[in-house]
Amino acid sequence: MPDIRHFLIRYPVSLLVIAAVVYLSFFRTPSTGLDNIPNLDKVVHVCMYFGMSGMLWLEFLRAHRHAPAPLWHAWAGACLCPILFSGAVELLQAYCTAYRSGDWMDFAANATGVLLASAIGSRLAVRRKGRR
């Protein structure tokens with residue numbers, strides 16, 4: 001069973017992106033002129049989780065370039081886990097903060113970002129596997 005150092009070495013940028021997403025999910029957002037743009041927050045959600053999942057896919061592919069791992073490992077770690085993480089964040093926002101609210105549409109936007117990144121990441125993985 002790998003320890004925490006394994007993940008720190010293989011997925012350093014992904015861990016920083018995850019930390020940034022956690023921070024952005026729980027800090028008090030200032031009021032700006034952009035508040036008037038409809039659904040801009042959904043675009044931000046798609047981008048945040050696209051970045052998280054995409055970086056997980058890229059670091060998975062980099063970490064396993066010499067010793068390939070089963071593709072389901074990447075799907076579990078770069079698709080399923082971020083979607084579950086997103087759901088947990090939305091629940092924590094709803095029940096553990098007074099200044100944030102959990103939203104099903106935010107969850108759907110998060111999942112959309114993850115699925116878009118996973119479609120690209122899995123395509124890259126299959127293409128790389130075909131070259132071997």
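If you keep only loop residues by DSSP, which trypsin sites (Lys or Arg not before Pro) in segment 36-123 have at most 11 other Cβ atoms within 10 Å of their Cβ?
Values: sites: Lys42, Arg62, Arg65, Arg100, Arg123; in loops: Arg65, Arg100.
When the trypsin sites (Lys or Arg not before Pro) of segment 36-123 are filtered for loop state and at most 11 Cβ neighbours within 10 Å, Arg65 remain.
Along the chain, counting only chymotrypsin sites (Phe, Trp or Tyr not before Pro) with a DSSP assignment other than H, G, I, E or B and at most 13 other Cβ atoms inside a 10 Å radius, the longest segment between sites is 28-98.
Normalising the average separation of contacting C-alpha pairs (under 8 angstrom, six or more residues apart) by the number of residues puts the relative contact order of segment 54-132 at 38 percent.
Taken about its Cα centre, segment 1-100 carries a charge dipole of about 220 debye when Lys and Arg each add +1 at the Cβ and Asp and Glu each add -1 at the Cβ.
Rg and Dmax of segment 1-44, both derived from C-alpha coordinates alone, stand at 15.9, 49 Å. When shorter helices are ignored and each DSSP H run of at least 4 residues is given -39500 (n - 2.57), the per-residue value for the chain at 222 nm works out to -24000 deg cm²/dmol. Of the Cα atoms belonging to segment 71-132, the radius of gyration and Dmax stand at 14.9, 53 Å. For the chain, relative contact order (Cα pairs under 8 Å, six or more residues apart, normalised by length) works out to 33 percent. Accessible surface computed residue by residue for the chain, with neighbouring protein chains in place and a 1.4 Å probe, gives 65 Å² per residue.
For the chain, the average shadow cast by the Cα convex hull is 9.2 nm², which is a quarter of the hull's surface.
Computed on the Cα trace of segment 43-99, the radius of gyration divided by the Kirkwood hydrodynamic radius gives Rg/Rh = 1.12.
The values are calculated or read from the model by the stated rules, or taken from the named source; none is laboratory data. Being a predicted model, the structure only gives us computed values, none of them experimental. Note that each Cβ is placed from the backbone with ideal geometry, even for glycine, and that neighbours are counted across all protein chains shown. All accessible areas refer to the heavy atoms of the entire protein, side chains included, with ligands and DNA or RNA removed. Shrake-Rupley method; radii C 1.70, N 1.55, O 1.52, S 1.80 Å.
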